[in-house]
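Step one of this worksheet: look at the structure below.
Derivation of every value follows stated rules applied to the coordinates shown; laboratory data play no part. Fair warning: this is a prediction, and the values are worked out from it, not measured in the lab. All Cβ positions, even for glycine, are placed from backbone atoms using ideal geometry, and neighbour counts span all protein chains on display.
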Amino acid sequence: MKSFHKSPWLIHYDASSCNGCDIEVLACTMPRFDVERFGIINTGNPMHADIFCVTGGVNDQNKDVVKQIYDQIPEPKVVLAIGTCACTGGIFKECYNILGGVDQVIPVDVYVPGCAARPESIIDGVVKALSLYQEKHEKMVKEGRGLPEDPALDED
Amino acid sequence: MIRSMIIIIGFIVLAPFIGGLLEGIDRKISARMQRRVGPPITQPFMDVAKLFNKEFLSVNKQQLFLLLAHLFFVVFAGSMFFIGSDLLMVFFSLSTAAMFMVMAASSTHTPYTGVGTMRELMQMMCCEPMELLTAVGFYLASGMAKTGIEKSFLVSDLIHSNVSAIMYLPGFFIGFVFILTIKFRKSPFDLSTSHHAHQEVVKGITAEFSGGAYAITEIAEWYEEVMLLAVVGLFIVNSNPISYLVAALVVIFVYFLEILIDNTSARVKWDLMFKITWGVIIVFGGINLFLLENVSSFMKFFQ
């Protein structure tokens, strides 16, 4: 499945970031870095997304939101934790409301460190995510999941 | 019969390629307008190939059926057009296809698609009158041109007229190009769903389509795009072979105009869209229709 390498669609969620990493994620889509030249799109709709980018540590209020977005993304999917806070909780780790990094709530595949993470390293992280996506897709095909005649659909 | 079969097969095979390439060129030109490099022009094909490889997530089973019906009716309308069939039937099939799209979206009962569906119905209320008027305009224009044939809705008769239809239908042409902005889901009027990556509420009717389902809507859109641009070409085409070349140039110009409008205007609210579109339809289409009817009766009176 080579086509995925040229068409990864992101969804970006700001868990409780200071907006530093958010600005860098958005900077990737601006003319200076222009990730769309690699076919990368920032969709904002989980049903269309392939890569879930989370910035900031997860707190008690938004852990369900993060879980729900993760569940709405169709398989195969890859999770990117962008920035130190998303990786470990960062300087907010000891705060009473912070659970820690994103991996406390959902499985994270790629960690992009940095405070704030540079656009170059974010693009690098996405490229890393592509090979993981490939593996997940092969696994999905082997197990025969995700097809329209999926028995899970008969439950309605 | 064999000729029709070849044309239908040609349309089914070639239209997605042309439509996909047009979308790729659209994305490239849009990127250049925003001083970006932009994706390669084959990007839409990569996107669709990837979407087919995604998991199919849906809350019900009818969604896929309704989407396939949407695709079928769009292909049906396009095939009818290219084999030279009835123009009214073509537009009716296109409306049927649009209804299937609305049903597919509303079958999921989510707030986002609910908003998208209402906006899509508003958009249909804006485009359908102009589509029907266009068919009627072609019918009247075919009677005006001295071809020795009766008035006709058949595309195969319209292309053999000795005068381009645009000579009689300049107002209809402006009106039709205006609603193309809605049909192509370009910026001031991309209310129900937008081509640009966006939040669920902007994605509207397509927000709940994942993987293959979304790919089907994309492919249906390519077919529809090719068909509607061919209708634009029909305004120019006449019995002279050179007119086909002129028609191609006009189609390219119209498509570029749509991209320019897309990149230079902000999304409007539905009521403003309604007022602007109906204003344009009534002013340009209505006056053109009025003149066409009255001029022809004057001419009959003097003969």
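Over region A:24-94, what is the relative contact order in percent, taking alpha-carbon pairs closer than 8 angstrom and at least six residues apart?
33 percent
Between the helical axis of B:170-183 and the dominant principal axis of chain B, each derived from Cα atoms, what acute angle in degrees is found, rounded to the nearest 10?
10 degrees
Please compute the alpha carbon radius of gyration of the protein assembly as shown, then divide it by the globular-protein estimate 2.2 N^0.38 Å. Two decimals is fine.
For the protein assembly as shown, the normalised Cα radius of gyration comes out at 1.10.
Could you tell me which residue out of A:S7, B:A49, B:L158 lies farthest along the dipole of the protein assembly as shown toward its positive end? Charges go on the beta carbon: Lys and Arg +1, Asp and Glu -1, centred on the Cα centre.
Towards the positive end, the residue furthest out is B:L158.
Taking a threshold of 21 Å on the Cα-Cα distance, which of the pairs B:K203/B:K275; B:K50/B:K203; A:K67/B:K50 fall above it?
B:K203/B:K275; A:K67/B:K50
Calculate the dipole size of the protein assembly as shown relative to its Cα centre from +1 charges on Lys and Arg beta carbons and -1 charges on Asp and Glu beta carbons; express the result in debye to the nearest 20.
The dipole of the protein assembly as shown has a size of about 1180 debye.
Expected output is a single nm value to one decimal: the length gained when fully extending between B:T110 and B:I287, i.e. 0.36 nm times separation in residues minus the C-alpha distance. What is it?
59.5 nm
Using a 10 Å cut-off around each Cβ of peptide A:34-43, what is the average number of partner chain Cβ atoms that fall inside? Spell out each step's value before the answer.
Working: counts 7, 2, 10, 8, 4, 9, 2, 6, 3, 6.
Mean shielding count: 6.
Filter chain A for me: DSSP H helices, axial length by Cα at least 24 angstrom, mean Kyte-Doolittle hydropathy not below -0.5. List them by residue number.
Membrane-span-like by this criterion, though nothing is claimed about a membrane: A:119-143.
Using only Cα atoms, find the angle between the long axis of helix B:111-144 and the longest principal axis of chain B, and express it within 0 to 90 degrees, rounded to the nearest 10.
Helix B:111-144 sits roughly 20 degrees off the main axis of chain B.
To the nearest 20 debye, what is the magnitude of the charge dipole of region A:1-130 about its Cα centre, counting +1 on the Cβ of each Lys and Arg and -1 on the Cβ of each Asp and Glu?
With Lys and Arg at +1 and Asp and Glu at -1, about 280 debye.
In the protein assembly as shown, if the dipole is taken from +1 on Lys/Arg beta carbons and -1 on Asp/Glu beta carbons about the Cα centre, which of A:Y111, B:V13, B:L229 is farthest to the positive end?
My answer, from the dipole projection, is B:L229.
If I model a spin label as a point 7 Å beyond the Cα along the Cα-Cβ vector, how far apart are those points for A:Y96 and B:W278 in nm?
Here the modelled spin labels are 5.8 nm apart.
Is the C-alpha gyration tensor of region B:2-302 telling us rounded, prolate or oblate? Criteria: a/c under 1.5 is rounded; beyond that, a/b larger than b/c is prolate, otherwise oblate. List each step's numbers first, then the result.
On the way: a/c = 1.72, a/b = 1.58, b/c = 1.09.
In terms of gyration-tensor shape, prolate.
Which whole-number percentage describes the relative contact order of chain B, with Cα contacts under 8 Å and a sequence gap of 6 or more? Don't jump to the answer; show the numbers that get you there.
Working: 435 pairs, mean separation 71.9, N = 303.
Across chain B, relative contact order equals 24 percent.
Please compute the modelled spin-label separation between B:N263 and A:Q68, points set 7 Å along Cα→Cβ, answer in nm with one decimal.
Here the modelled spin labels are 3.8 nm apart.
Under a 5 Å amide H to amide H cut-off, with H placed in plane at 1.01 Å, what residues pair with A:G100 once short-range neighbours are removed?
Result for A:G100 returns A:V58.
Kindly identify chain A as rounded, prolate or oblate by the Cα gyration tensor criterion: order the square roots of the eigenvalues as a ≥ b ≥ c, call it rounded if a/c is under 1.5, otherwise compare a/b with b/c, prolate if a/b is larger, else oblate.
Numbers: a/c = 2.09, a/b = 1.28, b/c = 1.63.
Taking the square roots of the gyration eigenvalues as a ≥ b ≥ c, chain A is oblate.
Which residues does the label zone of A:D60 cover in region A:69-104, counting backbone N under 20 Å from a point 7 Å along Cα→Cβ?
Residues A:89-104 qualify, since their backbone N sits under 20 Å from the label point.
Say R0 is 30 Å: what FRET efficiency, to the nearest 0.05, do B:V13 and B:H160 get from their beta-carbon distance?
So, using R0 = 30 Å, E works out to roughly 0.70.
What's the exposure ranking of B:I287, B:I242, B:I83, A:I122, going from fewest to most Cβ atoms within 10 Å?
Working: B:I287 11, B:I242 8, B:I83 17, A:I122 26.
The order, fewest Cβ neighbours first, is B:I242, B:I287, B:I83, A:I122.
Of A:Q134, A:A49, A:V35, which is farthest along the charge dipole of region A:2-155 in the positive direction, counting Lys and Arg as +1 and Asp and Glu as -1 at C-beta?
A:V35
If we restrict to alpha carbons, what Rg and Dmax does region A:1-78 come to, in Å?
Reported Rg and Dmax, both Å: 13.0, 39.
Sort A:K63, A:K77, A:K142 by Cβ crowding within 10 Å, fewest neighbours at the top.
Placing the least packed residue first, the sequence is A:K142, A:K63, A:K77.
Of A:K6/A:K93; A:K6/B:K186; A:K136/B:K183; A:K6/B:K28; B:K28/B:K61; A:K93/A:K136, which ones are farther than 26 Å apart at the Cα?
A:K6/A:K93; A:K136/B:K183; B:K28/B:K61; A:K93/A:K136
May I ask you to compute the full-extension gain from B:V295 to B:I252, defined as 0.36 nm times their residue separation minus their alpha-carbon distance, rounded to one decimal in nm?
12.3 nm
What three numbers, in Å, describe the spread of the alpha carbons of region B:162-288 along their principal axes, ordered from the longest?
49, 33, 21
So if I place +1 on the C-beta of Lys and Arg and -1 on the C-beta of Asp and Glu, and nothing else carries charge, what would the dipole magnitude of chain B be about its Cα centre? I want it in debye, nearest 20.
In debye, rounded to 20, chain B gives about 480.
Helix B:43-52 versus the longest principal axis of chain B: what is the Cα-based angle in degrees, 0 to 90, to the nearest 10?
The angle comes out near 60 degrees.
Among A:R118, B:R27, which comes first, second and so on when ranked by fewest other beta-carbon atoms within 10 Å?
A:R118, B:R27
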